[in-house]
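Note sheet for the following structure.
Bear in mind these aren't lab numbers, they're just calculated from the coordinates by the rules spelled out. Model, not experiment: these values are computed from the prediction. When we count neighbours, we look across all protein chains shown, and the Cβ atoms used for this are built from the backbone with ideal geometry, even at glycine.
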Amino acid sequence: MAGRTYAYYPGCALHGTAREYDVSARLVCQTLNVKLQEIKDWSCCGASSAASLSPLLGIALPAHNLKLAAAMELPITTPCAMCSYRLKTAAHELKDEATARQVSEVLGSAVGPEVTVEPLLQVLSEDLSFPIRKPLTGLKVACYYGCLLVRPKSVLQFDDEENPQTMDRLITALGAEAIDWGLKTECCGAGLPLARPDLVHRLAYRIISLAQRLGADCIATACPMCQSNLDIHQKEIEAEHGEKLGLPIFYFTQLLGLALGFTPRELYLHKHLTNPLPLLRAKGLG
Amino acid sequence: MTIPDVIRPPLSRPLLIFIEAHSGQPVSRCNQCGKCTAGCPAAWAMDLTPRQVMRALQLGLDNDVLASSAIWLCLSCQICSVRCPLEIDVAKVMHSLRHRTQEDKTHPGDKNIARFHGVFRGIIHRYGRIYELGLAGLNNMVSRRPWAHLKLFPAMLRKGKLPMRPSRIKATAEVKNIFQKVAALEERFSTPSELTKGDR
Ligand code: SF4
Ligand code: SF4
């Protein structure tokens, strides 16, 4: 990991609702000597909407970005679970000759499947000997992976499909405690909060309340959609269920950043809607 | 492989045959064990559960399947696909069904979700990237719920989570071209002579 350079694909959310993920990712990468070169003029991977309506578009849009990264001769890393899923799936599908032919017709030139894509969580967990300045002792964390980092394993080749451990190990290496729980990879409603908030709220409620009942102080995520479904919508969920939750939802890069000695402000922790600062102060980490 | 050489198998054949060819999944082999539904996080909100979708396809209840809300409510979380003992990629079947409703211009079983996907795609087409404020605004407009989610906006704007301006890429023409070429390719494969290749 250390000293390696990656073609960085932030994805659309990291320029908007998930700015703090981008900021904290860049800070910890810099400290850990992982060099990120942002892919110039990257475009949207199409998320689930492109693939939902047209399978070919669902491959061509990420393939365009694979092509940009191939020109840089670097492996891709992206903090977003949806983007890494789309990019990896496209690279996988391009192994099929007929698909590759159609995609190269669409893009105007051939694009090979050989570009490697690693989610940022994978890159940052390769070497867990972090230069820790402030261990997260006493913090109980529920690691929440969501669906797209791990499923399907046949394509993503990352971690267990239903009980992954990568983030748990990383969080433990920071001095915190990763709780064991059953909804690590349960879907939070993904990209549907605008279309079907009722559905997303119910799924998110189950995840937040289970983590809380099992004693977690907070949830750590590795996906901008997971984070926003659990954080931004938490107030509405509380109102609907007549129950105070107030469970802070972090990006794993923010917890890593805290342990590396960055301040909450540097890590943009004030950007969350569910305020994590009281918790950090109570644990002596703020 | 997902995209068969024939992107559109014949629309006139039973839906089961179209979907098996399009998704590459042996829907007829489903033995109704129900594991897909048991693990599905959205089954409670669906009119047909994933298992019932598979059965209805086998029985030729084509209209029921195409008009179902299930195919739109599917979150593509792939729990069904990784748990199916027969290794049927149920999530892929759901995708193929969504795709097919586009071709048939079937009335979508969940209008809000279908519209959302359309709006999302339109924004990428226009800017090359997602512009969240535009997405939310436009989605409210087309779904005729102008005030939806309004409560969230002030807090998100205050936190700088919704940039007012789109982050537009330079190569928007290239992205538009991708959309156009995909549409043309899908169109070309719909000619009858090409389509027969989809027969099994
Ligand atoms: S898990 Fe597979 S075999 Fe069982 S009902 Fe679902 S699709 Fe059919
Ligand atoms: S992929 Fe769709 S049908 Fe399958 S378990 Fe997830 S939500 Fe249910």
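A few points about this structure:
- Segment A:130-282: relative contact order in percent, alpha carbon pairs under 8 Å with at least 6 residues between: 26
- Relative contact order of chain A, taken over Cα pairs closer than 8 Å and 6 or more residues apart, is 18 percent.
- Our summary gives chain B a relative contact order of 24 percent, counting only alpha carbon pairs under 8 angstrom and 6 or more residues apart.
- Alpha-carbon centroids, segment A:131-145 and segment A:41-105: separation in whole Å: 34
- Across the protein assembly as shown, Cα-Cα pairs farther apart than 43 Å form 12% of the total.
- 5 angstrom amide H check on A:THR5, placed H, neighbours 5+ away: A:LYS35
- Charge tally in the Cβ shell below 15 Å around A:LEU285, where Lys, Arg are +1 and Asp, Glu are -1, A:LEU285 excluded: +3
- With one equal scatterer per alpha carbon and no solvent term, the Debye-computed log10 I(q)/I(0) for segment A:103-171 at 0.11, 0.16, 0.18, 0.23 1/Å reads -0.42, -0.72, -0.83, -1.09.
- Computed over the alpha-carbon atoms, segment B:78-119 gives an Rg to Rh ratio of 1.09, Rh here being the Kirkwood radius from the mean inverse distance.
- Close amide H partners of A:GLY175, meaning residues 5 or more places away or on another chain with modelled amide H under 5 Å apart, are A:LEU136.
- Among B:ALA114, B:ALA67, B:ALA173, the largest mean-square fluctuation in a Gaussian network model of chain B, built with springs joining Cα atoms closer than 10 Å, belongs to B:ALA173.
- Listed cross-link partners A:LYS67/A:LYS153; A:LYS40/A:LYS184; A:LYS184/B:LYS35; A:LYS184/B:LYS176; A:LYS153/B:LYS151 are compared with a 29 Å cut-off, the Cα-Cα value being larger for A:LYS40/A:LYS184; A:LYS184/B:LYS176; A:LYS153/B:LYS151.
- Taking chain B as a whole, the Cys residues whose C-beta sits 4.7 Å or farther from every other Cys C-beta are B:CYS30, B:CYS33, B:CYS40, B:CYS74, B:CYS84.
- Stokes-Einstein diffusion of segment A:5-121 at 20 °C, 1.002 mPa s viscosity, Kirkwood radius from Cα pairs, rounded to a whole number: 150 µm²/s.
- Only alpha carbons enter this Debye calculation for chain A, each as an equal point scatterer, and the log10 of I(q)/I(0) it gives at q = 0.15, 0.16 Å⁻¹ is -1.12, -1.26.
- Per-residue ellipticity at 222 nm computed for the protein assembly as shown from its helices equals -14000 deg cm²/dmol, with DSSP H segments shorter than 4 residues left out and the rest contributing -39,500 (n - 2.57).
- Listed by chain and number, the aspartates and glutamates whose alpha-carbon sits under 17 Å from that of A:LYS88, ignoring those within fewer than 8 places in the same chain, are A:GLU73, A:ASP96, A:GLU97, A:GLU114, A:GLU118, A:ASP159, A:ASP160, A:GLU161.
- Expressed as a fraction of 2.2 N^0.38 Å, the value expected for a compact globular protein of N residues, the C-alpha radius of gyration of chain B is 1.16.
- Within segment A:72-155, the trypsin sites (Lys or Arg not before Pro) that combine a DSSP coil assignment with at most 14 other C-beta atoms in a 10 angstrom radius are A:LYS95, A:ARG133.
- Rg and Dmax of segment B:111-186, Cα atoms only, in Å: 14.2, 44
- Cα principal axis extents for segment A:130-282, largest first, Å: 43, 39, 26
- P(r) tail, segment B:14-106: Cα-Cα pairs separated by more than 21 Å, 18% of all pairs.
- Centroid-to-centroid separation of segment B:89-140 and segment A:1-39 [C-alpha atoms, Å]: 29
- GNM flexibility winner over chain A from A:PRO113, A:PRO131, A:PRO264 (Cα, springs under 10 Å): A:PRO131
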